[in-house]
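Remarks on the structure that follows.
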Amino acid sequence: HVEEFNMLLILLITDILFQLPSDLLNHVIDITRINTIGNINVQKIFASSESFKCKIVSLLQGGAKIDRDENHSSAFYEKLFNSVSIVLSNHMRQIDLLNATASQAYPSVSAVMEAKAVLCLEVMQVLIICPLFYTLVDNPNVHAILKHALDKSPAYGSVKEVLQSFNAEQKTPEEQKELLSPILGNILKMTIRTLSTKRTKKVTDPNQVEVQLIENDAINQQSANEAKIQEQSPRLRSARIPAIGDRILTGPQSFGRIVTLPDAEIAMIQLDNILATNGAMVSNGGLPDSINYVNMNNFEWDGIRDFWRPKHAIGDKITLQLTTSRGESPRLSYSHQSQRKLKVI
């Protein structure tokens, strides 16, 4: 069901961002034949709350990441996957699902706009094969998708005029589809090709230098308090269920957040920074480089600092050291309809 889940991911995140008209959404679901995927009722997902839909999108994004890791023939191409990741991360941060901190890296405005353009170009390829789309081009939400997709294209003005003129001539939706879908399809493909040749802009953090200085000033104080922290009541490390948005420390200077929970024991995390090979410097990696999977059985909740940390570890996020080896298998499988495998650290 890789193709069906990919289509659901694209439509669901588009609906979250632009609130597709229900009639158009239903027609698209029918045309793409994703009314049900396995035993999943897709209509119920679209009818659910935004918070729930965001969690479903996060799970679908995790599946898309696995498909790319396994080089599945139907996996998203790199530009599209990166764009979906940027758009989702930005939206969830805006609604405070990720509980972003001031020191957390974030995509620039231009990177978000470009990512939205790629997403809208992808969904437009589906919309143009739906006759109802041509009767709704003046709908503000539908027009917003068209504008995001083609705003940077010289053809945007012409496409807008043609669509409006066809409506004025009272051509039927089927006639408009037959006449315009091949033309629009070529325009969309050319625009996608242009954007795909551009490298996705890296996530930037203008506060990184300032935050690092503050952390350096605090190292001595943190070290002095470490012994006291370790002696705190065990209730501060009581059982807690991992949740999307939780901060997690995987190693010295390796800090991130949980973005997806595809299984009760597995979490997909996005690291704030990527350590250089020699460990001496922090390098900015792309989104795929910063995403990894962890087995949450190997982590415990630190109630004092409010983040997950490796079990049997001492020190803070800079001086962290493991006191015992975990002997963990480099790969872990979990029960899933498609029997996918996850890399874990």
Go through E175, E122 for me and flag whichever is without any contact (Cβ under 8 Å) to a residue 60 or more places away in the chain, in a helix (DSSP H, G or I) and either surrounded by fewer than 16 Cβ atoms within 10 Å (Cβ to Cβ) or among the acidic types (D, E) (or both). E175
Qualifying positions in the stretch 93-113 - surrounded by 15 or more Cβ atoms within 10 Å (Cβ to Cβ), modelled with pLDDT under 80 and not in a loop (DSSP other than H, G, I, E, B): R93, Y106
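Just checking, how many residues over the stretch 59-81 are of a type in the set (S, T, N, Q), in a helix (DSSP H, G or I) and surrounded by fewer than 22 Cβ atoms within 10 Å (Cβ to Cβ)?
Of the residues in the stretch 59-81, 0 are of a type in the set (S, T, N, Q), in a helix (DSSP H, G or I) and surrounded by fewer than 22 Cβ atoms within 10 Å (Cβ to Cβ).
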Give me the pairs: first residue in the stretch 16-38 and more than 18 Å from I129 (Cβ to Cβ), second residue among the charged types (D, E, K, R) and in a helix (DSSP H, G or I), beta-carbon distance under 6 Å, and six or more apart or on different chains, which are they? I16/K53; I37/E4
Filter result (crowded, with 22+ Cβ neighbours inside 10 Å and of a type in the set (S, T, N, Q)) within the stretch 5-36: N6, T14
What is the residue count in the stretch 44-88 for residues that are aromatic (F, W, Y) and at pLDDT 90 or above? 3
For the stretch 137-160, which positions are touching a Pro at 6+ places or on another chain (Cβ under 8 Å) and crowded, with 19+ Cβ neighbours inside 10 Å? V142
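The values are calculated or read from the model by the stated rules, or taken from the named source; none is laboratory data. Bear in mind the structure is a predicted one, so any value in this text is a computation, not a measurement. Don't worry about glycine lacking a Cβ; one is built from the backbone with ideal geometry, like all the others, and counts go over all protein chains shown.
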